[in-house]
Amino acid sequence: MIFGPKKGDFESSVKKELPVLYRVARRMGCNQDEAEDTVQSALIKAYQAWERFDGRHLRSWLIRILRNERLMQLRSEKPHSSLDEPGAVEAAEEPFWEEVSWRMEADRILDELENLPEVYKMAIQLCDVEQLTYEEAATAMDVPIGTVRSRLFRARAMLRKRLAPVSGQLEGALS
Amino acid sequence: MNKINWQEYEDGSMTPEMRKTADELLKTDPKAQEELDGLRSFRKSIRKACLTEPVPEHKLRKILRSIVSPTGSKSGSRRLLLPLGAAAAMAAVAWFAFGPSITTDPNVERTLMVSNSTEAAAFAAEGAGFAVPPITLAGLNATLTGTHCKDGFACFDFLVDGALYHVTMQTSPASTDPGTMKRHEGQDFLICPKGVRWEDDSVNFMVMGPDEETRWKIAEAAAREASIV
């Protein structure tokens, strides 16, 4: 049985997750100030709920709170805003990783990542950047593991497609 | 083109049969290895790019600390971190009164309800990044109700005779609102429609609130207390 953590553990446990939370907030469309504010309000909520936390998947738990905070902010700005699926697009079928050699500038990659729909950005951020397992990412995004997998597949495909034209090496590899 | 899903190969979700096929392919088909390397390289590039973004870790740790250990916990005075909405509302009050020429960003980083002026000053100084003097408004019927601050900006909220007044401080230049200059106890004040302004040690002060006469009394008291520090 897993027992919830003690109140005093909060700071030491959460401290190392701060960069992750900030980066995820940025990936959810926050500018720098908004990211700090969103992290702050998520931390307040997390602190209030700390004794109810079951001690499993801290990072996922925090990201889930962060995501809810962001969602509330978006809804207060635009009543119909969502971080969920933009359409019913799921996994592409064909493999496409042949002849790929990625030498992209970081800014270019970030720009293109920024232009992906929210759910795909999150899949990339959580799985590829923060290296959460599918289970952890599923908990953080509140979706089934299969959805994480398919979103990640789709996200990588979309990102690759967007980055390919500037690489100069990937033309013809997109079919 | 082979039909291997390299993502499944990488994440371990591939069936044992399919994995065996993929492993065989990797041994015999250079193109398969290129595909797999491509995926790995892609993930590496994305991660590297995302991790180049600067993270204000020091600031975030301060936020965390302020949540876990509000600075007034030792004295037992009432301290409460306000929810973001409340902080924003208080900031908006200051912003509308101050005007965009002085504070263009109404977002306030941290807000704290506190009644002790020394603790309020310490809290505000930490967030504002400059020395914030403790202000009590001695001699007036004033109660400190809270403080809010962000980089280069601090504000104390006082209830004076039952009405809310703000004493703001900022390091950026004040706007040039029209008003009347007044010299009092060696200090120049600008009395303008928005409030009373003065400068002390490169910090621009302003008092805002509903009653003009009370604003002046507050400014007089605050300037005196700030100049002593």
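Name the residues whose placed amide hydrogens come within less than 5 Å of the amide hydrogen of B:Val132, ignoring near sequence neighbours (fewer than 5 apart) on the same chain.
The answer is B:Ala125.
Could you rank B:Met208, A:Met158 by how accessible they are, 1.4 Å probe, largest area first? Write out the running numbers ahead of the final one.
Details: B:Met208 5, A:Met158 35 Å².
Of B:Met208, A:Met158, the descending order of accessible area is A:Met158, B:Met208.
Residue separation times 0.36 nm, minus the C-alpha to C-alpha distance between B:Ala163 and B:Glu213: what's the value? Don't skip to the answer; put the middle values down first.
Numbers: separation 50, 0.36 × 50 = 18.00 nm, distance 1.28 nm.
Gain on extension, B:Ala163 to B:Glu213, equals 16.7 nm.
If you plug each phi of region A:37-42 into the Karplus form 6.51 cos²θ - 1.76 cosθ + 1.60 with θ = phi - 60°, what whole-Hz ³J(HN,Hα) values come out, in order, with x for Gly and Pro?
Along region A:37-42, the couplings run 5, 5, 4, 4, 5, 5 Hz.
Heavy atoms of the protein only, probe of 1.4 Å, neighbouring chains included. What is the accessible area of A:Glu36 in Å², nearest 10?
20 Å²
Report the label-to-label distance for A:Arg108 and A:Lys161 in nanometres (one decimal), using points 7 Å from each Cα along the Cα→Cβ vector.
1.9 nm
Can you send over the solvent-accessible area of B:Cys192, 1.4 Å probe, protein chains only, in Å² to the nearest 10?
Estimated to the nearest 10 Å², B:Cys192 gives 10 Å².
May I ask you to rank B:Lys20, A:Lys45 by accessible area, largest first, using a 1.4 Å probe over the protein chains only? Walk me through the intermediate numbers first.
Numbers: B:Lys20 140, A:Lys45 80 Å².
From most exposed to least exposed: B:Lys20, A:Lys45.
What nm value, rounded to one decimal, do you get for the distance between A:Ser12 and B:Thr145 when each label is placed 7 Å out toward the C-beta?
Modelled inter-label distance: 4.0 nm.
Taking the Cα of B:Ala122, stepping 7 Å toward and past its beta carbon, and measuring to each backbone N in region A:25-68: which are under 18 Å?
Label zone hits: none.
If you count only protein heavy atoms and use a 1.4 Å probe, how large is the accessible surface of B:Thr180, to the nearest 10 Å²?
Surface open to solvent at B:Thr180 totals about 90 Å².
The values are calculated or read from the model by the stated rules, or taken from the named source; none is laboratory data. Predicted, not measured: the structure shown is a model, and the values here were computed from it. So basically every Cβ, Gly included, is an ideal-geometry build from the backbone, and we count neighbours across all protein chains shown. Surface areas here come from the heavy atoms of the whole protein model, side chains and all, with no ligands, DNA or RNA. Shrake-Rupley method; radii C 1.70, N 1.55, O 1.52, S 1.80 Å.
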